[in-house]
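Input: a single structure, listed below in structure tokens.
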Amino acid sequence: MNARHSLAFFVLVCAAALPVGSALASASLTGTLAAYRVATTDQGVEEFLPADNARPGDLIEYRLVYSNAGDQPIQNILITDPVPIGTRLDPPSASKPETGRVEFSIDGGKQFQPWPILLKSRAPDGSEKLTEAKPEMVTHVRWGLEGAIPPEGEITLKYRTVIK
């Protein structure tokens with residue numbers, strides 16, 4: 001697993017991420033994705049190591065850093081990242097933006113809901129019951145940023161997975 005990747009590969013930034021009152025040419029949202037293996041020292045302190053040699057059972061933290069290189073604030077941003085194949089999401093670990101929301105998809109990114117995601121199922125007697133989706137069912141994480149990223153500003157979003 002390569003520790004640094006271009007976000008163009010992993011993240012969809014919706015067209016709503018345009019500055020208000022300015023042309024598309026002045027919108028310049030750039031991003032990077034870094035993956036770190038999370039290790040805990042004997043003293044209980046977390047260390048972030050390169051994820052290049054990660055193995056099954058390792059905890060991986062993904063950090064998505066977006067910067068506004070334009071000259072206008074960028075508002076109404078939706079950022080979607082697929083959970084890497086071969087990993088299981090640790091849902092409580094997804095960072096919530098100061099002004100915004102974090103949501104999860106269990107259907108390949110078609111629908112998003114806050115955690116926990118509740119599923120309807122039928123009991124043998126025909127009644128409906130709600131059960132909580134399991135973390136390994138999550139296919140995508142999405143952040144909705146309600147505030148603006150100012151010119152020269154940036155935001156960092158994080159989530160963690162465990163390698164299967």
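Any read-out appearing in this document is the output of simple, stated calculations on the displayed coordinates, not a laboratory observation. Because the structure is predicted, anything quoted here is derived from the model rather than measured. Ideal geometry is used to build each Cβ from the backbone, glycine not excepted, and the neighbour counts take in all protein chains shown.
Just a few scattered comments:
- Positive-end extreme of charge dipole, region 4-163 - chosen from Ser67, Pro150, Ile163 (charges on Cβ): Ile163
- For region 124-137, 3J(HN,Hα) per residue [Karplus equation, 6.51 cos²θ - 1.76 cosθ + 1.60, θ = phi - 60°, Hz, x = Gly/Pro]: x, 7, x, 6, 8, 9, 9, 10, 7, 4, 8, x, 5, 7
- Taking Arg88, Arg37 and counting other C-beta atoms within 10 Å, the order from fewest to most: Arg88, Arg37
- Per-residue 3J(HN,Hα) values for region 106-113, derived from phi via the Karplus relation 6.51 cos²θ - 1.76 cosθ + 1.60 with θ = phi - 60°, read 10, 10, x, x, 7, 10, 10, 9 Hz in sequence order (x marks Gly and Pro).
- Percent of Cα pairs exceeding the 26 Å cut-off, where the set is region 4-163: 36
- Comparing Cα centroids, region 44-58 and region 64-84 end up 26 angstrom apart.
- Residues whose amide H comes within less than 5 Å of that of Ile117, counting only those at least five positions distant or on another chain, are Ala133 (H built at 1.01 Å from N in the peptide plane).
- Less than 5 angstrom separates the built amide H of Ser28 from those of Ala69, Gly70, all sequence-distant by 5 or more or on a different chain.
- For region 4-163, a simple Cβ point-charge model (Lys and Arg +1, Asp and Glu -1, everything else neutral) yields a dipole of about 440 debye relative to the Cα centre.
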